[in-house]
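Notes for the one structure printed next.
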Amino acid sequence: MSHNIKSKRSFSVSFVALMLFLTSCQNYYKAIQVHLVPPANKSSVIDSLRLSEKYFILRSGSDAFSMVNPVLNADRKTMVCILDSVPFYHQLQLVKGADRSKKYKKSDPLNSMVLNEVHFFTPQDNAAAFGVYTLRLDRIQKIEIIENDKNRTTGSHILGGVLFTIGILAISSAIFASSFNF
């Protein structure tokens with residue numbers, strides 16, 4: 001076998017191994033639903049999330065709004081904020097959450113901002129519009145905190161390592177076998 005054919009075969013096997021490695025090593029996130037029983041738990045959960053400087057997103061029916069400067073009222077039954085459009089770098093869950101892939105690029109700081117989000121789900125509210133908004137806590141149906149999916153991400157990286165190792169072994173075998181064919 002000529003040296004040129006050996007080089008092409010080695011390159012092809014290397015390329016396939018590299019592609020398998022790169023496509024299998026993914027980072028995933030998941031939405032964790034906060035249990036809201038008893039109802040008084042909502043205000044303490046919201047307080048805790050505010051203090052940890054999470055990015056709040058209101059999901060009112062099919063609409064989504066950024067919740068700027070959320071403040072719990074003294075009665076702890078309402079929260080006042082300014083509703084604004086959700087910036088593109090906080091729309092990953094709005095888009096990817098629908099197709100269930102839930103992948104993010106850890107190397108992209110804007111893409112990984114999804115890990116700082118909290119989504120508040122309410123029924124459709126016609127009063128929810130850009131500007132000052134008061135959210136009654138009893139209208140919150142669900143709160144989801146977005147976080148890294150450690151199990152799925154680790155599994156992806158292990159699979160990538162195994163596939164990469166198999167690729168290296170295949171390349172080594174091909175090179176070794178081709179060295180005996182003159």
request  = Might you let me know whether the range 67-85 holds any residue that is within 30 Å of Ser156 (Cβ to Cβ), touching a Leu at 6+ places or on another chain (Cβ under 7 Å) and surrounded by 15 or more Cβ atoms within 10 Å (Cβ to Cβ)?
outcome  = no
Unique match (being touching a Cys at 6+ places or on another chain (Cβ under 8 Å), on the phi < 0 side of the Ramachandran plot and in a helix (DSSP H, G or I)) among Gly167, Gly160 = Gly160
request  = Give Lys54, Lys102, Lys142 a once-over and let me know the one that is touching a residue at least 40 places away in the same chain (Cβ under 8 Å) and either within 20 Å of Gln26 (Cβ to Cβ) or among the small types (Gly, Ala, Ser) (or both).
outcome  = Lys102
task = Please work out if Asn116 is under 29 Å from Asn151 (Cβ atoms), at pLDDT below 90 and of a type in the set (S, T, N, Q).
result = no
request  = For residues that are assigned to a helix (DSSP H, G or I) and buried (at least 19 other Cβ atoms within 10 Å of the Cβ), scanning just the range 23-48, find the one that is farthest from the chain's Cα centre (by Cα).
outcome  = Lys42
request  = Kindly indicate the residue of the range 130-176 that is small (Gly, Ala, Ser) and under 30 Å from His35 (Cβ atoms) and also surrounded by the most Cβ atoms within 10 Å (Cβ to Cβ) among those meeting that condition.
outcome  = Ser156
remark   = So, first residue of a type in the set (Gly, Ala, Ser) in the range 161-182, second residue at pLDDT 70 or above, Cβ within less than 9 Å, six or more apart or across chains; the pairs are Gly161/Cys25
request  = Check the range 37-54 and report whether any residue there is closer than 30 Å to Leu159 by Cα, out of contact with any helix residue (DSSP H, G or I) (no Cβ under 9 Å at 6 or more places or on another chain) and at pLDDT 90 or above.
outcome  = no
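The values are calculated or read from the model by the stated rules, or taken from the named source; none is laboratory data. Given the structure is predicted, the values throughout are model-derived calculations rather than measurements. When we count neighbours, we look across all protein chains shown, and the Cβ atoms used for this are built from the backbone with ideal geometry, even at glycine.
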